[in-house]
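The values are calculated or read from the model by the stated rules, or taken from the named source; none is laboratory data. Keep in mind that this is a model prediction, so the values were computed, not measured. When we count neighbours, we look across all protein chains shown, and the Cβ atoms used for this are built from the backbone with ideal geometry, even at glycine. With ligands, DNA and RNA removed, areas are computed over all heavy atoms of the protein, side chains included. Shrake-Rupley method; radii C 1.70, N 1.55, O 1.52, S 1.80 Å.
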Amino acid sequence: MNKWEFLFAEDSAVFLLEVYQVIGQKRPLHTLLASRIGKRPRLQTEQELQGAAIQLLNRHQNISDLIQEVGVSFGVKKMERGKQSPKVCKVSCDGERRLQVHELSRQAEELAVPVGVLSVRVVSQRVLELTAHVEGDRDSVLLNCTQRARLYPLLQSARQLLSVGAFSPELFFQEYWRVQPKLEVVYHVHSQNILSLDYMLESESRFSTWLRTQLQTLCDFTTTEQEDEEMRKHILSTVLSVLVRIGFEESQNSGGAGSDRKLSQLCCSVLDSMLAWLLDSLGDKQAPQPEKPAVEVWGHVYKTSCFGVSVSSDSLRRFFTHSLTVVLTHRPRFKVSDAITMQSEWSFAKSSPPLTALFCKVNMRCVLFSMEELLSQLQQILETHEVNWQHVLSYVSTLLVYHSETQASLKELLSRLLTSAFQSYELESMITAFLLARHAALEGPAVFPSYSDWFKISFGGANSHHSNSKKSTVFLLKFLSDLVPFDPPQYLKVHILHPPYIAGKHRVLLQEYVSLARTRLADLKVPVEQMGMYEDVSGTSAAAPPQCQAEQDVEKAVSLFETTGKISATVMEASIFRRPYFMSRFLPALLVPRMLPVKADARMTFIEALRKAEKIPASLYSAYLESCQREKQRQQDGVSDSVESDENPQRNLQLQLEKLRALFSSEWSDGDVSAQLARVSAALDDLFLQRPEEVIGQTVVKVNLDAPDHTERNFSAVDLVLQSFCQCLLAASRLNSPDRQGSWASQYVKVFLGNRQLLTALLHRVWDLLHNQGELLSTAHVLGLSALVAELHVCRAQCDVEVELWTSPSSHCVCTVPEVPICALPLSTHTDMSFSLRFCVAAVCYGLCKGPPHPDGRCDFIPNSLCKKLWRHPALSSLRKLPDYHFSFPEWLAVEVRVERGKDVLSDIERQEYERWACQQQYLPPHVDEGGCGGDLKTMCAHIINAVIDLYTGEHTPQILHRRSQHRDTCLPDILSMLQELVCERELSVQCQGMGKEEGHFLLDLVTQRCCVKPDQTSISPELTLQQSLYAFNRVVLALPAAVLYTVKTEGRKRTLDYHRLLEHINHSQGYVSAQPPVSIVTALCWVSHWSRLTGAETLPEQLQLVADCYLWASRLVRGLMVPVPAGPPLLLAACVYSEWQRQDKQTEAMNTSLERLAEQHTPLLLYLLFFCVNDLLSSYLKHQGTRCVKRVQQCCTDILALLVDSADWLILFNQRSSEQNQYQSITMITTDELIRLMPLAFYSLIPRLDTETLSRAVRVPGFISTAVLSYTALLKLFLDGQTPSPRTDSSPHQVLSEAKQVLLKSISMSPQSCLTNNIRAQLEAACGELDPEVAAALSVHLNPSSLSPDFSPDLDFL
């Protein structure tokens, strides 16, 4: 029943009264019709009702309002028709259309004008009214939100009129063109297929000029509204696509009608004008720069994705090539001489950021072109056009910086240019090659070789381009001579220091050029004798002062010598060919008097190498040594004169430490040492100023091993403290043994234990020395640091702080101060073990000498960790009896499993023998209290498994807090091999001893015991650690024989597998690991192939045969072969399909077709398959798999969901916490708690990917809105709790949440009001009230009939 049947349902007089009331109140037509719905209709024919309605509307009806009102109701009707039959919808649309046409015809007849003319006049008038300028926004090319919302239905009405021939778009354009049109209105007219931009460009000669102005205004338009920004992008993309399609079609460029060529040229001119306008705005430095410059806005359209399929790839190639030509030839105001002089100011770093941004956008064309093609086009432009050299060189810099492959291609281009230049003696190619080479070199050696290297390679050999004839040589030297007046000094230096290769008979020509270049350098006040030996690649023309240049050359020469170990060729050449500079500048800068270090540094070694090469005169070298001796004496004299008055804290510390060391040069008294240590402590306090909170109550010291937080001054002070301790120890030991030195060492250690800032820096420095630089330490360093470790152990009671060692934001351990140096000792390689052994022996020997002879007294001087590293040493036999000094089997495993096999001191065979001896003889027999296993193989296997799990989970003790090698090349394979032997030995011993059936299973009991505590779901870290433990255990199980996990039972003639304990473990761990197809099903697939081998039977049991049939059917299904579905449970069938699908590289069309056929009769199978795919999707999120993998799984889920969308069963996957019983109850049983918690993320990873039609079908499914709202609230809670994983896709968690909200609001607006009961709707509103009031309001407005007032107008729907 439609609205026309209600029109004359009651008495005509009553109805007319209502009509006049409506007209007086300006109520819309459908409001009047809606008010008549509740009245009982009378039976009349459709023709009679329609005629009566038209007769009524002839009175007091405004045709413009009628068109606008019917257009506004168009969107409402589309939603209402979802509940109506197609026939009723068609009648309604036809009725509206006839109503408009009839009214237009009637008024056109009265006015004596054609219907099309009247409709154009009415629509034009209404468009002008709707798009009238608002205050403060007169020059805007965009509409505001209100105008945009009202224009859309009006154009929909115009499109309806056009479909019945009652509207002329050409006439409408003529009418609208007479006034000031808006670009957005023209865009909507084009996008809604009312009238194309092609016609507008062709029909109106001034349209291109207007369009160019509108586009410029649109690019300069500043907005903060997201809707306006999106509309601007759509308009620019659409307009550009039209212009490119018309302007760069091959048929129009190569020939065709004259009008087509004219239109093509017109479009090209618009595009060229836009580029020229942008480039002019970039060049105008005085113009104010907007917050978002026009180059960034217009640059958006250079993305190839903006063109879609409307423009062919060939047209795009022509467009981008043409754009590059326009950019590089825009306003060529610089001459070649200007480019030679100014090109250093046009490097990438010095270029205007908006200009480089434009080049970056134009470089998007690299998707369509290779680098060779780009540079070939650049060469063509340079050869055929007059170019803007600033743009050309800046463009080359941009290519070099952003594309690494540019270097090789540019070298090839330069070679082609030089070849062409010397073949035809063409100056243009020569100039281009030099400009490009010089400019590329300005970007640094990481991007392109230096200019001197390029010049030597190109012209320094006998086979160079110019060396084949005298004419070529003259051509090159003439070219270089012409450049001299414009060349910056650094390039003239290159030509003089590295001249081109010239045959002997033409050397006079080279001498003429060198003379000319020297004269030019003299004019620039840059004598050749003062030129530096190394090229200045900065591009600046200003020359450094001679002395500064010499110092720079010295630093460069010493650096190269330290790197290569050889005197550089440049220094050797300068000593011969530039001897004045070498003798008067370079050597004086090198031989500056200084206090020589004890150990020769790089500078001293370099000087010695030059002396041996006879490059330093003997008299000059002797004078240098005497000057250095005088400098040393002067500094020492200065020390004695100003010891007490020095105000530099670090200098004062150094002087006080030197005084302390001087005390040990002869017999000393404890009082003198204590007094000097007090002065040292005061100096340290002045240098390491402590904050109040560091002095009181600080019980934890944090040491970040990867990022030290102390300054360079503190770093030097710590080195002074450590160096002084080593020197004092050596000096004291020359006079007395450690046990007769008194307590000075302990007092020294206590000095820095009281300063937390100093202690933190010192611990970090000691860690770095022992862990990273151990093999570089001298014997004196090793002795001193080992004694320091022993003294720290002695003073452990005075240090009441704990140390947190951090190696990463999530990896740290807590230990005491004395344990830090011991933890730093590496034990992974042969070199590490050798150093650690030296260090431990030195520390233990110091402790044995320092402490008393009885074991209890030695404990105070020898840390137990050191003893454990020397646990076989005879001198420690007495200490090994103490419990704290036992080196237990777990501790040995923790170290052994991290040894790097490739760098081990033992060979593979020796290591296996050693590990077998350690396990079976050293640790298996001793009692557990002694660190052994008490003869129990089960205990030993448990320790090995725990050690492997700790290796994978990263759980560590202070003794093994070393940087892990990602489990590569470790002794893990050897340990697992040992575990295999022990497990097999235990199984055989159980059988030989005739033991009965064991209670439980020791392997499975072990992992169950370790993972018995279920982590808090609100905490991610313990949960991830638990998952890592389970995965590590699975790796261990895979390395063991399968027979340890099950048994074969024989009962009569029937043999069965007993793996119930394994299944219990799987079910227990299902709550922690990501669920895949049930393990028992996958295992059954494996048993199909192993049954005959294990049992000798030729036929499979009934259940295994069913599994085999299902697996065979699944393998055919994924290949697109339709065979009858086996009579197996849907869960088994889905598991087989999923397992086979995972082996495919991609989902094929054949498989999609097969799934569509299954959807007709096998919905449960598809539902289980969707369940497995959703779990796979969530697992890929948790495991941070690649974008390609995630998108593949997403696509599979979306395809299956599209087949199930009409059924409400698929909602069960995302509502598993419901207590309702259903046939898919097994899904809840095999889904982990973690995946259930993340199901909202899966829901909103799939729903936004559905197209509009599929989403509308989903909305009509009962329970969809409830599931969508609950999933959204759950997703919000996950996001607020920080538990939303970040998938490796283009969307971040914030974007996923935003998309979820958008699709939810869209679904609510598409849902019928009857989809929710009042009770459920109220519950959903309450759930969303605090989390997202906007969603709660949408539920109340759209799905609550009582919320709609009688006067509610759909004209406000857009709000």
Practice task
Filter the stretch 593-623 for residues that are of a type in the set (S, T, N, Q) and either surrounded by 13 or more Cβ atoms within 10 Å (Cβ to Cβ) or farther than 22 Å from PRO580 by Cα (or both) and give the result.
Solution key: THR605
Practice task
Tally the residues that are assigned to a helix (DSSP H, G or I) and open to solvent by 10 Å² or more (accessible area, probe 1.4 Å), restricting the search to the stretch 492-509.
Solution key: 9
Practice task
Test LYS335 against the stated conditions and say whether it is within 34 Å of the chain's Cα centre (by Cα) and on the phi < 0 side of the Ramachandran plot.
Solution key: no
Practice task
Restricting attention to the stretch 177-207, report how many residues are in contact (Cβ under 8 Å) with a residue 24 or more places away in the chain, in a helix (DSSP H, G or I) and surrounded by fewer than 19 Cβ atoms within 10 Å (Cβ to Cβ).
Solution key: 6
Completion exercise
Residue count, the stretch 571-580, condition at pLDDT below 80 and of a type outside the set (Lys, Arg), comes to 4
Handout entry: Any hit, the stretch 463-478, residues being of a type in the set (Val, Ile, Thr), open to solvent by less than 70 Å² (accessible area, probe 1.4 Å) and touching a residue at least 24 places away in the same chain (Cβ under 8 Å)
Key = yes
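Just one of SER1346, SER1291, SER1286, SER1340 is at pLDDT below 75 and in contact with a Ser or Thr (Cβ under 8 Å, 6 or more places away or on another chain); which is it? Can you show your working first?
On the way: SER1346 fails: in contact with a Ser or Thr (Cβ under 8 Å, 6 or more places away or on another chain); SER1291 fails: in contact with a Ser or Thr (Cβ under 8 Å, 6 or more places away or on another chain); SER1340 fails: at pLDDT below 75.
SER1286 is the lone residue from the list that is at pLDDT below 75 and in contact with a Ser or Thr (Cβ under 8 Å, 6 or more places away or on another chain).
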Practice task
Among the residues of the stretch 1227-1274, count how many are modelled with pLDDT under 85 and open to solvent by 30 Å² or more (accessible area, probe 1.4 Å).
Solution key: 5
Fill in the blank from the handout: Only unsatisfied item for LEU483, checking (1) under 15 Å from LEU414 (Cα atoms); (2) at pLDDT 90 or above, is (1)
Handout entry: Matching residues in the stretch 750-795 - criterion: being surrounded by fewer than 16 Cβ atoms within 10 Å (Cβ to Cβ), more than 43 Å from the chain's Cα centre (by Cα) and farther than 20 Å from GLN727 by Cβ
Key = GLY754
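Test GLU1140 against the criterion of being more than 15 Å from ILE1200 (Cα to Cα), assigned to a helix (DSSP H, G or I) and acidic (Asp, Glu), and give yes or no.
Values: more than 15 Å from ILE1200 (Cα to Cα): yes; assigned to a helix (DSSP H, G or I): yes; acidic (Asp, Glu): yes.
Yes; evaluated as a whole, the condition is true for this residue.
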Practice task
Scan the stretch 1202-1217 and give yes if some residue there is under 26 Å from ILE1320 (Cβ atoms), at pLDDT 85 or above and under 25 Å from the mean Cα position of the chain (by Cα), otherwise no.
Solution key: no
Handout entry: Output for the stretch 438-457, where each listed residue is among the polar types (S, T, N, Q) and touching a His at 6+ places or on another chain (Cβ under 7 Å)
Key = SER452
Exercise for the section: Might you let me know whether the stretch 348-359 holds any residue that is open to solvent by 20 Å² or more (accessible area, probe 1.4 Å), in a loop (DSSP other than H, G, I, E, B) and either within 20 Å of ASP280 (Cβ to Cβ) or modelled with pLDDT of 80 or more (or both)? Expected result: yes
Fill in the blank from the handout: How many residues of the stretch 369-394 are in a helix (DSSP H, G or I) and within 23 Å of SER315 (Cα to Cα)? The answer is 13
Fill in the blank from the handout: In the set PRO958, PRO925, PRO890, PRO973, the lone residue that is modelled with pLDDT of 80 or more, within 22 Å of THR1025 (Cα to Cα) and surrounded by fewer than 19 Cβ atoms within 10 Å (Cβ to Cβ) is PRO890
Practice task
Determine which member of the set LEU399, LEU374 is at pLDDT 85 or above, more than 18 Å from ARG438 (Cα to Cα), hydrophobic (A, V, I, L, M, F, W, C) and crowded, with 21+ Cβ neighbours inside 10 Å.
Solution key: LEU374
Completion exercise
Pairing a residue in the stretch 544-568 that is under 17 Å from GLN490 (Cα atoms) and in a loop (DSSP other than H, G, I, E, B) with any residue that is open to solvent by 60 Å² or more (accessible area, probe 1.4 Å) and at pLDDT 75 or above, where Cβ atoms lie under 8 Å and the two sit 6 or more apart in sequence or on different chains, gives ALA544/GLN552
Fill in the blank from the handout: Picked from the stretch 643-697 (must be modelled with pLDDT under 75 and among the β-branched types (Val, Ile, Thr)), the residue nearest to PHE752 (Cα to Cα) is VAL695
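Which residues, taken from the stretch 204-220, are touching a helix residue (DSSP H, G or I) at 6+ places or on another chain (Cβ under 7 Å) and not aliphatic (A, V, I, L, M)?
Pass one, the stretch 204-220, residues touching a helix residue (DSSP H, G or I) at 6+ places or on another chain (Cβ under 7 Å): 204, 207-208, 211-212, 214-216, 218-220.
Across the stretch 204-220, the qualifying residues are GLU204, PHE207, SER208, ARG212, GLN214, GLN216, CYS219, ASP220.
I'd like to check something: does the stretch 366-386 contain any residue that is more than 17 Å from THR329 (Cα to Cα) and of a type in the set (D, E, K, R)? Show your work before the answer.
So in the stretch 366-386, the residues more than 17 Å from THR329 (Cα to Cα) come out as 366-373.
Going one step further and asking which of them are of a type in the set (D, E, K, R), we end up with 372-373.
Among the residues of the stretch 366-386, at least one is more than 17 Å from THR329 (Cα to Cα) and of a type in the set (D, E, K, R), which makes the answer yes.
Give the stretch 222-240 a look and list any residue that's modelled with pLDDT under 85 and open to solvent by 50 Å² or more (accessible area, probe 1.4 Å), or say none.
To start, the set of residues in the stretch 222-240 that are modelled with pLDDT under 85 comprises 222-225.
Listed by number, the residues that qualify are THR222, THR224, GLU225.
Is it fair to say PRO153 is crowded, with 19+ Cβ neighbours inside 10 Å, part of a loop (DSSP other than H, G, I, E, B) and touching a residue at least 24 places away in the same chain (Cβ under 8 Å)? Before the answer, list the steps.
Working: crowded, with 19+ Cβ neighbours inside 10 Å: yes; part of a loop (DSSP other than H, G, I, E, B): no; touching a residue at least 24 places away in the same chain (Cβ under 8 Å): yes.
In short, no.
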Fill in the blank from the handout: (1) in a helix (DSSP H, G or I); (2) open to solvent by less than 10 Å² (accessible area, probe 1.4 Å); (3) within 19 Å of VAL718 (Cα to Cα) all hold for PHE839 apart from (3)
Exercise for the section: Take VAL367 and decide whether it is at pLDDT below 90, out of contact with any Cys (no Cβ under 9 Å at 6 or more places or on another chain), farther than 23 Å from ALA349 by Cβ and surrounded by fewer than 21 Cβ atoms within 10 Å (Cβ to Cβ). Expected result: yes
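How many residues are more than 18 Å from ARG1143 (Cα to Cα) and modelled with pLDDT of 80 or more when one looks only at the stretch 1172-1198? Write out each step before concluding.
Step one: filter the stretch 1172-1198 for residues more than 18 Å from ARG1143 (Cα to Cα), giving 1178, 1181-1184, 1187, 1198.
Filter once more, so that each one left must be modelled with pLDDT of 80 or more: 1178, 1198.
Total satisfying the criteria: 2.
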